[in-house]
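See below for the structure under consideration.
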Amino acid sequence: MTPSQAPPAVTVIVPVFNDGRRLALCLGALARQTYPMSAVQIIVVDNASTEDIRAVTGKFPGATCAHEAVRGPAAARNKGVALARGRVIAFTDADCLPAPDWLERGVARLDAEPGCGLIGGRVDLFCEDAERPVLAEIYDSVTYLQQKRHVEKSHFAATANLFTYKAVFDDVGLFDARFP
């Protein structure tokens with residue numbers, strides 16, 4: 001992007017289920033992005049939480065909240081895609097803390113690769129209690145969040161840090177909502 005060009009419109013999709021505390025941290029990190037926030041749409045998709053997710057989202061002027069009754073992260077992400085206005089779609093999760101330059105670097109990298117369908121960036125796991133990680137955190141760190149390996153060998157990326165174009169969904173379809 002040259003200085004005279006407007007930045008591409010980006011929609012950030014954040015699915016959440018009963019995790020308002022960490023969602024607030026994530027939205028705070030998104031509010032501090034170096035990317036021009038005038039070009040950013042943030043959609044939090046509440047996946048039928050029993051917590052008041054709208055109350056959390058309402059504290060962040062740049063974020064809107066949508067509801068998805070069908071349980072599962074794929075259904076929640078699909079709802080976000082349906083509401084997305086950006087040419088670029090960035091996915092993260094409610095328990096993620098994107099770096100301040102996350103959007104800027106992700107969009108630049110995606111646009112620098114003509115014909116690229118998606119990019120996945122590094123995901124650093126942090127445990128709720130570093131001295132006592134729970135089984136799910138250990139499992140994620142060993143399997144799911146090995147982003148570099150997934151991108152290079154399997155050609156997919158964990159949606160904790162994934163950038164793509166909205167047009168890609170027109171070509172390949174949405175996430176498989178049967179995925180738990």
Scan the range 73-85 and tell me whether some residue there is hydrophobic (A, V, I, L, M, F, W, C) and closer than 19 Å to Gly106 by Cα. yes
The number of residues in the range 107-118 that are among the aliphatic types (A, V, I, L, M) and within 15 Å of Ala9 (Cα to Cα) is 3
Quick check on the range 15-29: of everything there that is hydrophobic (A, V, I, L, M, F, W, C) and open to solvent by less than 10 Å² (accessible area, probe 1.4 Å), which residue is farthest from Ala82 (Cα to Cα)? Ala29
Residue set Val14, Val70; condition closer than 24 Å to Arg178 by Cβ and in contact with a helix residue (DSSP H, G or I) (Cβ under 7 Å, 6 or more places away or on another chain); output residue Val14
Members of the range 56-73 found to be part of a helix (DSSP H, G or I) and either among the β-branched types (Val, Ile, Thr) or closer than 14 Å to Gly28 by Cα (or both), listed by number: Val56, Thr57
Listed by first then second residue, the pairs whose first member lies in the range 82-110 and is touching a residue at least 24 places away in the same chain (Cβ under 8 Å) and aromatic (Phe, Trp, Tyr), whose partner is open to solvent by 50 Å² or more (accessible area, probe 1.4 Å) and outside any helix (DSSP H, G or I), with beta carbons under 9 Å and at least 6 positions apart or on separate chains, are Trp102/Thr34
Would a scan of the range 30-37 turn up a residue that is free of Cβ contacts under 8 Å to residues at least 12 places away in the same chain, assigned to a helix (DSSP H, G or I) and either closer than 20 Å to Leu162 by Cβ or open to solvent by 10 Å² or more (accessible area, probe 1.4 Å) (or both)? no
Looking only at the range 49-106, which residues are aliphatic (A, V, I, L, M), more than 21 Å from Val10 (Cβ to Cβ) and surrounded by fewer than 16 Cβ atoms within 10 Å (Cβ to Cβ)? Ala55, Ala69, Val70
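The values are calculated or read from the model by the stated rules, or taken from the named source; none is laboratory data. This is a predicted model, so every value here is computed, not measured. Here Cβ is always computed from backbone atoms with ideal geometry, including for glycine, and neighbour counts include all displayed protein chains. The protein model used for the area step is the full one, side chains on, heavy atoms only, and it has no ligands, DNA or RNA in it. Shrake-Rupley method; radii C 1.70, N 1.55, O 1.52, S 1.80 Å.
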